[in-house]
Structures are given as C-alpha cells and as structure tokens.
Amino acid sequence: MKKLIYVLSILSIMGTANAATFSTKAKSVFLIDYDSGAEIVSKNADFLMPPSSMIKLMTLAVLFDEIKSGNLTMESKLPVSQNADYNDPRWYPASKICLVAGQEITVRDAILGLIVQSGGDASVVVAEKLAGSEGAFTGMMQAKARSIGMNESTFGNASGLPDPNNLMTSRELITLATHLIGDYPDLYPMFATKRFEFKDYKTDWCREWGRTHTVNYNKLLFIMAGADGMKTGHTDQGGYGMVASSVVGGRRLVGVINGLKVKSHNDLANEMKKLLNHGYSTTTNRTFYRAGDKIAEIPVWYGRQKTVTATVAKPFAVTLTKGADTKGLRVLARYNEPVRAPVAAGEKIGAVIAQLNGVELGRADLIAQNRVSKVQSVQESDL
C-alpha cells in the first residue's frame, strides 16, 4: 500500500486571514467564516459568560432532534403546565408568548415563539414535553452540547433566565449556531422570521400582550440584507448579546457578541452589522471544491469496481486577508492506495489540505462518494 500526496493546484492568491482589528465595547466577540471555519475576529472567545436568551438555541437544537427523528411533527401538541403559565412570577418582566396552564400549543408555535418572541414560557413547555421537567431537560441540553463538541457550556434552565449554571463561551455559541445551520436545513429558515402572531390567547391581558409583541427581537433582520438569523439575549446585569448569521455574495459569516452595554436591541443590531461588514470587507474566500466535486479516483483492492471517487462532504475553502499578495498556495490530496474493499459511501479515505509556504491553512476529509463492495471470492488471507 502506497501513501500518495498529489499536488492538485498551485495558485497565486491573497494571503491568509488573521484576526483583523475590530473595535468594540462588548466583553466577548467571535466571528468566523462558515465554509472555512476561519476565525476572523476573536475577543475573549473562550470566556464563560451568561448567555441569557441565547441559551434558547440549545433548547431549539434538542427540539429539532425530536422533529428530525420523527418523534414530533410541526403540528404535535405540547401541554402548558402551571410552570409556564403567564401568572408565574418568573415571566415578569421576562419575554414570553403569554400562555395559560391547561392549554396546548403546536410545536410550530413553540418554535416561532422561542425565535421571535423569545418566549421563556415556550422553553418550559418544550422542556417538560421532552424530559418531564425543566431540571431533567437541562441534562438533555448538556448531553447535546457534548455530542457536538461543546465541552465547556453548562445549563441551569431552558430559558436563559439568570442562573449560576447558565454559562457558555462565544466559541461554543458559534459551534451551536453552525450545527443548527448545517444539520437542520429544513428548520433553520425559521430563524429569519420577522413577525409572529400567536392566534390562541386565552385571556384579554394576553391578547393585548400579544398584539404588541409580534416583532422579532433580532433587529438585524430588518437592517442588513442577507441576515437570516439567529437569536438575541439581554439581562440588566449581563447586557446585550446576539448570535447572528448572514449570507452576502454567497458567503456565510457567523458571529457572536456578548456582554455589550447599550440601550436597546437596535443598538445591538447595529454593532453586529458592523462586525459582519468588517468580516466581509477585510477578508475573502477561495473555494477549491464544492460538496460532491470529484477530487481523485483512488484504486480499490479486491473491489467490484476498480476505483472509488474521492470527494468532500462540504465546500472546502480557505479565508484570506484582502490585499496581502502571496504566491504558491498548494492544494494537496493525501491518501493511501489502493483502498481496501469494502468501501462505504461517506467513509473517510484521505484528506485534502491547503498549504501556504509549508504552513497548513485548512484541511477537510476526503470521503468515498460511492460504495464499493468486496469481491465475494476473496478471502482475508489473500490480502
């Protein structure tokens, strides 16, 4: 078996991205390119901080898993307990849909209530449906976090109301955001919803509340073309925070701001817009391969087909600083050949790597695009 390295291309392009200076009064800021994963701006990205209502992104991630697995549909009914009733003191003056114990709401309304109205009551409804209690649900949140590489975050409740156990880093909020974008393509567009009018209020007080609380707290959706999510948060003690994503010119950036002391969600949105525009104006992307592109044909040992097509599961790109001329960027495919049959579709069979002057800029797994079964007559002793 030979270990092969193929130089796929040698290019003269811009220099590598760095953490370009971005001035902000926020305690923590983190901005990445979605395709390349490159860090564009980083300030205290690994500080554990209260996430306030941004924690509801994890509540939604757990709920999305239940929908994806078929355990719930968008029209499934969720019962409202006394813990989610609008008379519970926790919901004054906290954000809410304004629910009444004994009613039921659909999964769709719960999702939109969480995204648009930032309904803490809806988070309790989801938690109790999925885990029996909000306390038990925090265990599901923790397990979900660890399963996607969020190893520092802890959870004290599903709503983000002040709790000493509600702690997340900006880096891990980005991990959660990119997971929501990539793993739930049918559900993620709901984060771009600008207005939501709940139709099943049970009291006059709640009807009046709902009449004046239909607009998304995420004001970035209204002031930046290409913004398509995700979630804001605010407490008097911690200030304002936001996880946001936008697509401009086909390029997605994902950013987090936390601990910003400003006067309103509008001020928060303006700060996030500046951060995202900073990323677009100071960096650019070079995309080498799109998902499914043929990168190499690798010989297969004792397979029913002689070769297997190597590709990537998602776009392979590097993020580069605008205006810094450099030469000699190499893109390499590294794998062993022949590959031993059987080969499963999606199986890792190598790596594609971008290097500049011997320094690695990025890499992605080479995976098998197609399945190759083993010739039945071949015995393991023959290999």
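Taking the longest Cα principal axis of the chain as reference, the axis of helix 265-282 is set at about 10 degrees. Using C-alpha pairs below 8 Å separated by at least 6 residues, the relative contact order for the chain is 21 percent. For the pair residue 263 and residue 183, the difference between a 0.36 nm per residue extended length and the Cα-Cα distance amounts to 25.4 nm. For residue 308, the amide hydrogen comes within under 5 Å of the amide hydrogens of 298, 300, counting only partners 5 or more places away or on other chains and with H modelled in the peptide plane.
Its Cα centre serving as origin, the chain has a Cβ charge dipole (Lys and Arg +1, Asp and Glu -1) of approximately 1180 debye. The antiparallel fraction among DSSP beta bridges confined to the chain stands at about 95%.
Between the stretch 287-302 and the stretch 79-135, the C-alpha centres lie 48 angstrom from each other.
The alpha-carbon positions of the stretch 26-260 define a convex hull whose volume is 115 Å³ per residue. Please list, by residue number, everything in the stretch 174-191 whose backbone N is under 15 Å from a paramagnetic label point 7 Å out along Cα→Cβ of residue 147. Taking a point 7 Å out along Cα→Cβ of residue 147, the residues of the stretch 174-191 whose backbone N falls under 15 Å are 176, 179-180, 183-184.
Residue-wise HN-Hα couplings along the stretch 197-205, as the Karplus relation 6.51 cos²θ - 1.76 cosθ + 1.60 with θ = phi - 60° gives them from phi, are 10, 5, 9, 10, 6, 9, 9, 5, 4 Hz; Gly and Pro carry x. For residue 24 and residue 204, FRET efficiency with R0 = 45 Å and r from the beta-carbon atoms, rounded to 0.05? In this case the efficiency is close to 0.55.
Readers should treat all values here as calculations from the given coordinates under stated rules, not as data from a laboratory. Only a predicted model underlies this, so the values are computations on that prediction, with no experimental measurement involved. Here Cβ is always computed from backbone atoms with ideal geometry, including for glycine, and neighbour counts include all displayed protein chains.
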